[in-house]
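Just dropping this structure here.
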Amino acid sequence: LTEPDLADKIAASLHQANIDPHALRLVLEVTETLLPADEDEARHRLIELHELGIQLAIDDFGTGYSSLRYVRDLPISTIKIDRSFVSGLGQSDHDEAIVDAVTQLARTLGLRVVAEGVETEEQFAFLSRVGCDYSQGYLFGRPQPPHLCRLPEIERVS
């Protein structure tokens with residue numbers, strides 16, 4: 001995000017591969033704790049990427065210091081709730097309150113919500129009850145080597 005020509009490089013790569021990021025629903029995950037010190041420059045880069053058709057997700061949401069400012073100021077489409085909050089579902093009223101509040105905030109702002117690190121049916125049931133859009137974690141499957149993964153067909157730009 002500190003490279004001034006990042007969006008140009010990505011646009012050239014997408015064009016060379018004949019990939020339409022709008023058709024692919026390409027999402028860039030940005031961890032809020034790793035955003036560069038120059039927030040204005042990072043914001044500018046993320047807006048450029050968004051204008052290319054790349055959707056933006058804030059990964060590990062809630063683990064940084066300025067989560068709400070990023071949601072307000074950046075063209076975000078998705079919030080990914082950090083596994084450290086999901087792991088406490090069914091055990092911690094505080095974690096349940098945080099996950100519920102983040103989910104409701106995202107829904108109010110028209111954002112998608114992904115819960116990371118879902119490992120139990122109880123966690124998944126809670127997430128479903130509060131309206132979380134997507135869940136990922138070992139409950140659904142373990143990471144697979146590339147040769148066992150089937151990728152969906154993607155639409156290519158003519």
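The values are calculated or read from the model by the stated rules, or taken from the named source; none is laboratory data. Computed from a predicted model, the values in this text were never measured in an experiment. Quick reminder, even Gly has a Cβ in these numbers, built from the backbone with ideal geometry, and neighbours come from all protein chains shown. We work out accessible area using only protein heavy atoms, side chains counted, and drop any ligands, DNA or RNA first. Shrake-Rupley method; radii C 1.70, N 1.55, O 1.52, S 1.80 Å.
What's the percent breakdown of Cα-Cα distances in the stretch 100-145 across 5 Å bins, shortest bin first?
5, 23, 30, 19, 13, 7, 3, 1
A further question follows. Angle check, please: helix 93-108 long axis (alpha carbons) against the longest principal axis of the chain (alpha carbons), in degrees 0 to 90, nearest 10.
Between helix and principal axis, roughly 40 degrees.
Relative contact order for the chain: what percent, with Cα pairs under 8 Å and sequence separation of 6 or more?
Working: 224 pairs, mean separation 32.2, N = 158.
Computed over the chain, the figure is 20 percent.
If you don't mind, there's one more thing I want to ask. Take the alpha-carbon centre of the stretch 1-63, take the same for the stretch 121-137, and report the distance between them in whole Å.
27 Å
Kindly write out, for the stretch 43-60 in residue order, the coupling ³J(HN,Hα) from the Karplus curve 6.51 cos²θ - 1.76 cosθ + 1.60 (θ = phi - 60°), rounded to whole Hz, with x marking Gly and Pro.
In residue order, the calculated couplings are 4, 4, 4, 5, 5, 4, 5, 4, 5, 6, x, 8, 7, 10, 10, 8, 8, 6 Hz.
Carbon and sulfur together cover what percent of the accessible area of the chain at a 1.4 Å probe radius? Before the final figure, lay out the partial values.
Numbers: 5000 of 9740 Å².
Its accessible area is 51 percent carbon and sulfur atoms.
Taking every DSSP beta bridge with both residues inside the chain, roughly what % is antiparallel (nearest 5)?
The answer is about 5 percent antiparallel.
Place a point 7 Å from the Cα of Arg72 along the Cα-to-Cβ direction; which residues of the stretch 81-111 have their backbone N under 12 Å from it?
none
Rounded to the nearest 0.05, what FRET efficiency do Ala23 and Thr63 give with R0 = 35 Å and r taken as the Cβ-Cβ distance? Could you check? Please report the intermediate quantities before stating the final value.
Working: r = 32 Å, r/R0 = 0.92.
The computed FRET efficiency comes out at 0.65.
Work out the FRET efficiency for Arg43 and Gln136 from their Cβ-Cβ distance, taking R0 = 25 Å, and round it to the nearest 0.05.
0.40
Follow-up. Apply the a/c threshold of 1.5 to the C-alpha gyration tensor of the stretch 53-101 and tell me whether it is rounded, prolate or oblate.
Cα axes put the stretch 53-101 in the prolate bin.
Between Ala12 and Leu52, what length comes free when the chain is fully extended (0.36 nm per residue of separation minus the Cα-Cα distance, one decimal in nm)?
Result: 13.3 nm gained on full extension.
Suppose all protein chains stay in the model; what accessible area per residue would a 1.4 Å probe give for the stretch 51-132, in Å²? Let's see the in-between values first.
Working: 3940 Å² over 82 residues.
Here the residues of the stretch 51-132 average 48 Å² of exposed surface.
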